[in-house]
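A short worksheet on the structure shown next.
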Amino acid sequence: MSKVALITGATRGIGKEIALTLSKQGYAIALNYRKEGEELDQIKEEIQKNQVECFAIKGDVSKFEDCEQFVTQTIEKFGKIDVLVNNAGITKDMLLMRMKKEDFEQVIDVNLIGTFNVTKNVVSHMLKARSGRIINISSVVGVMGNAGQTNYAASKAGIIGFTKSLAKEVASRGILVNAVAPGFIQTSMTEILKEEVKEEIAKNIPLKRMGKPQDVANVVKFLVSEDSSYITGQVIAIDGGMLM
Ligand code: NAP
């Protein structure tokens, strides 16, 4: 039986690349999505080309009942979850002066509470199996802060605290929990930035370029592999040197 990876928000961007990369490693993929459409059909097709199963499961990570349901469906389908990647995330950028309470809450609900909702439902199965890998997608912004992103930075900093605390709780049961902190990665999340803003960002990155989803997927591939079996509770920056 092949290993099983559940990846949230995996229809595009970083989540899609992680799903594709792990499918190339032979993982059966439980792919969580929110919206149906072309992107979903395309990723399912691409994963199946790697001769592994792809089980697409709808659900909003900010809703606990949705997560309960899609984790149960994954267990019914595959009998286990070896790897969980909490990737689903949103931004709602604006200065605090203009930010409404709902703008703050929405980002926390998806990014941080979503991570709790999925992990809470998955970890009981990993505890029974006495093994598992959990990778949470944080951000450099959660470490450095960023003007216009108080909501997003708070959610991503929260994910770091969550990661370290859970790593301590479950280490003795063979479950490793780590976070990655990407810098600026070329996806639809950063596409909305104006060209001149992107150029300015790239200028300030020591490696002088924005990252690609594959740069993140490569580190996730390492963190789920046997080569990283002595690493837990860490936050690995994937940012071209922004954070040092
Ligand atoms: P993206 O292209 O906007 O993709 C985000 C994915 O999350 C989409 O598939 C989206 O699905 C899904 N999603 C959003 N809300 C959801 C919800 N409530 N329930 C389930 N799925 C939901 O963004 P990305 O750049 O790939 O970002 C992926 C992760 O990396 C996020 O956690 C983000 O914060 C983090 N990150 C990104 C960067 C960057 O520069 N791009 C940097 C640091 C960290 P729908 O299409 O259905 O909304």
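The values are calculated or read from the model by the stated rules, or taken from the named source; none is laboratory data. All figures in this text were calculated on a predicted structure; none of them were measured in a lab. A quick note on method: Cβ atoms are made from the backbone with ideal geometry, for glycine too, and the neighbour counts reach across all protein chains shown. The protein model used for the area step is the full one, side chains on, heavy atoms only, and it has no ligands, DNA or RNA in it. Shrake-Rupley method; radii C 1.70, N 1.55, O 1.52, S 1.80 Å.
Quick query: amide H of GLY211 versus all other amide H atoms, modeled in the peptide plane; which residues come in under 5 Å with a sequence gap of 5 or more or a different chain?
For GLY211, whose amide H was placed from the backbone, the distant partners under 5 Å are PHE184, ILE185, GLN186.
Taking H placed 1.01 Å from N in the peptide plane, check which residues at least 5 places from ASP239 or on another chain put their amide H under 5 Å from its amide H.
GLY183
I'd like to know which of ASN178, LEU31, ILE192 lies farthest towards the positive end of the charge dipole of the chain, counting +1 on Cβ of Lys and Arg and -1 on Cβ of Asp and Glu.
My answer, from the dipole projection, is ASN178.
Quick one: Cα centre-to-centre distance for the stretch 153-195 and the stretch 209-238, in angstrom?
About 11 Å separates the Cα centre of the stretch 153-195 from the one of the stretch 209-238.
Out of the total accessible area of the chain (probe 1.4 Å, heavy atoms of protein only), what percent is carbon and sulfur? Mind showing how you got there, number by number?
On the way: 6210 of 12110 Å².
C and S fraction of accessible area: 51 percent.
Give me the number: length gained by fully extending ASN218 to LYS24, i.e. 0.36 nm times residue separation minus the C-alpha to C-alpha distance, one decimal in nm. Each step should come with its number before you reach the end.
Numbers: separation 194, 0.36 × 194 = 69.84 nm, distance 1.17 nm.
Computed gain between ASN218 and LYS24 is 68.7 nm.
State whether the chain is rounded, prolate or oblate according to the following rule on the C-alpha gyration tensor (a ≥ b ≥ c being the square roots of its eigenvalues): a/c under 1.5 gives rounded; otherwise a/b larger than b/c gives prolate, and the remaining case gives oblate.
rounded
Cβ neighbours within 10 Å, averaged per peptide: list 214-225, 80-91 in order, most packed at the top.
Ranked by mean Cβ neighbours within 10 Å, highest first: 80-91, 214-225.
What does the extension gain come out to for MET94 and GLU169, with contour length at 0.36 nm per residue minus their alpha carbon separation?
The span from MET94 to GLU169 would gain 23.4 nm if fully extended.
Using only Cα atoms, tell me the angle between helix 150-170 and the longest principal axis of the chain; keep it within 0 to 90° and round to the nearest 10.
The helix 150-170 is inclined about 30 degrees to the chain.
Using label points projected 7 Å from each Cα along Cα→Cβ, tell me how many nm separate SER124 and ILE231, to one decimal.
With each label point 7 Å from Cα toward Cβ, the separation is 3.1 nm.
Using only Cα atoms, tell me the angle between helix 64-78 and the longest principal axis of the chain; keep it within 0 to 90° and round to the nearest 10.
The helix 64-78 is inclined about 40 degrees to the chain.
At 1.4 Å probe radius, can you tell me the per residue accessible area of the stretch 38-80 in Å²?
60 Å²
For helix 38-48, what angle does its Cα long axis make with the longest principal axis of the chain, in degrees from 0 to 90 and rounded to 10?
Tilt relative to the chain: about 50 degrees.
Defining a contact as two alpha carbons under 8 Å apart and six or more residues distant in sequence, what relative contact order in percent does the stretch 7-69 show?
Details: 89 pairs, mean separation 20.3, N = 63.
Result for the stretch 7-69 is 32 percent.
Considering Cα pairs under 8 angstrom that are at least six residues apart, work out the relative contact order of the chain and quote it in whole percent.
RCO, the chain: 19 percent.
Show me, for the stretch 115-129, the HN-Hα J-couplings you get by feeding each phi into the Karplus relation (A = 6.51, B = -1.76, C = 1.60, θ = phi - 60°), rounded to Hz, glycine and proline as x.
Computed from phi, the couplings for the stretch 115-129 are 4, 4, 4, 6, 4, 3, 6, 8, 5, 4, 5, 5, 4, 5, 7 Hz.
Can you give the accessible area per residue of the stretch 99-196, in Å², using a 1.4 Å probe?
44 Å²
Grab the DSSP H runs of the chain that are 4 residues or longer, score each as -39,500 (n - 2.57), total them, divide by all residues and round the 222 nm result to the nearest 500 deg cm²/dmol.
Helix-only estimate at 222 nm: -13500 deg cm²/dmol.
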